[in-house]
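This report refers to the structure that appears directly beneath it.
The values are calculated or read from the model by the stated rules, or taken from the named source; none is laboratory data. Computed from a predicted structure; not experimentally measured. Note that we place each Cβ from the backbone using ideal geometry, even for glycine, and neighbour counts take in every protein chain shown. Side chains included, ligands, DNA and RNA excluded: accessible areas come from the protein's heavy atoms. Shrake-Rupley method; radii C 1.70, N 1.55, O 1.52, S 1.80 Å.
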Amino acid sequence: MSEPRWVPWARRIVLGFLTLFTLVPLYAMVSSSLKPLGDVQGKWEWIPTTLTIQPFFDIWETIPLADYFVNSLVISGSAAILSVVIAIFAAYALSRFRFRGKNFFKLTVLSTQMFPGILFLLPLFLIFVNIGNTTGIVLYGSRLGLIITYLTFSLPFAIWMLAGYIDSIPKELDEAAMVDGTGPLGALIRVVVPAAMPGVVAVGIYSFMTAWGEVLFASVMTDSGTRTLAVGLQEYSTQVQVYWNQVMAASLIVSVPVVAGFLLLQRYLVAGLTAGAVK
């Protein structure tokens, strides 16, 4: 049965609207980043009369953007790597072994996603401060504290998704590796992890993106030396001036790592999310 003639046109109209909805803000951001500040603050013009790349140089001098960039890379990268490593072992245990409390643990991991993140802000703040006062280990205002904070959000999702992905890998592969003389750990590293690579990459990308763009905890748990990009961009707005062209230029620079990583690893991300979502 053929579809009605109006369906293709309706599909084109909807896709065209969604394309405009995506590209118009992006065009406004790019064009504003190439305008002098006076033109951005004046009447909006779709076609800029004056183009300049000076904002892309000024962004590094107005605020310590390079320091914030390094902080974001270290924190987001560390959170992603730790999430992947911990989630692999936890998901493998959930998928391949039987132990008391297994279902309760899986339910607990899943239920943590029900609560809003702001609910954990004050408890984590108090825990970090008390640990620092008691043991001398500085967590509040440090990169380590923010990495631990991001792990509390990315790990539950990472464990749940990887467990579903590893469930789709036949256990016969593990058994074949063990017949060749390797143990469970060897089977995990040599067989399961390579077979689950799309899911591993998807978990890594998710953990990195979650940490990269997070604002609430980064604004509370960091100081001037550990501030991340998501919080540091606010410094382009002062009491007397808002450098809108630099805000747009910095926003484009900030989005480069995430967009580049997504484009390079897109096929792994789609395969990992699709296979890990269903068993």
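Observations
- Residues of segment 94-112 that are touching a residue at least 12 places away in the same chain (Cβ under 8 Å) and hydrophobic (A, V, I, L, M, F, W, C): 94, 109, 110.
- Taking the numbered list (1) open to solvent by less than 70 Å² (accessible area, probe 1.4 Å); (2) over 24 Å from residue 162 (Cβ atoms) in turn, residue 53 passes all entries but (1).
- So residue 181, is it of a type in the set (Gly, Ala, Ser), under 27 Å from residue 79 (Cα atoms) and out of contact with any strand residue (DSSP E or B) (no Cβ under 6 Å at 6 or more places or on another chain): no
- Pairs with Cβ under 8 Å, 6+ apart, first in segment 1-30 and on the phi < 0 side of the Ramachandran plot and at pLDDT 80 or above, second part of a loop (DSSP other than H, G, I, E, B) and surrounded by 10 or more Cβ atoms within 10 Å (Cβ to Cβ): none
- Unmet requirement for residue 147, which otherwise passes all of (1) in contact with a Leu (Cβ under 8 Å, 6 or more places away or on another chain); (2) farther than 27 Å from residue 209 by Cβ: (2)
- Set side by side, the residues 235, 214, 175 differ, and just one is modelled with pLDDT of 85 or more and over 22 Å from residue 151 (Cβ atoms), which is 235.
- From the options 276, 261, 204, residue that is open to solvent by less than 20 Å² (accessible area, probe 1.4 Å) and modelled with pLDDT under 85: 276
- Count of residues meeting criterion [in contact with a Gly (Cβ under 8 Å, 6 or more places away or on another chain) and either surrounded by 15 or more Cβ atoms within 10 Å (Cβ to Cβ) or without any contact (Cβ under 8 Å) to a residue 60 or more places away in the chain (or both)] in segment 72-86: 3
- Each residue in segment 138-191 was checked for being in a helix (DSSP H, G or I), of a type in the set (Gly, Ala, Ser) and surrounded by fewer than 18 Cβ atoms within 10 Å (Cβ to Cβ), and 2 of them qualify.
Condition check ((1) in contact with a Pro (Cβ under 9 Å, 6 or more places away or on another chain); (2) in contact (Cβ under 8 Å) with a residue 12 or more places away in the chain; (3) farther than 18 Å from residue 70 by Cβ) across all residues:
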residue: 180; (1), (2), (3): no, no, yes
residue: 183; (1), (2), (3): no, no, yes
residue: 191; (1), (2), (3): no, yes, yes
residue: 211; (1), (2), (3): no, yes, no
residue: 229; (1), (2), (3): no, yes, no
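- Per the listing 120, 115, 105, the residue uniquely open to solvent by 80 Å² or more (accessible area, probe 1.4 Å) and within 19 Å of the chain's Cα centre (by Cα) is 115.
- Residue 80 vs. criteria of a type in the set (Gly, Ala, Ser) and in contact with a Ser or Thr (Cβ under 9 Å, 6 or more places away or on another chain): yes
- Test: residue 224 is free of Cβ contacts under 8 Å to residues at least 60 places away in the same chain, part of a loop (DSSP other than H, G, I, E, B) and either in contact with a Phe, Trp or Tyr (Cβ under 9 Å, 6 or more places away or on another chain) or surrounded by fewer than 20 Cβ atoms within 10 Å (Cβ to Cβ) (or both): yes
- Across segment 232-258, the number of residues qualifying as open to solvent by less than 50 Å² (accessible area, probe 1.4 Å) and hydroxyl-bearing (Ser, Thr, Tyr) comes to 3.
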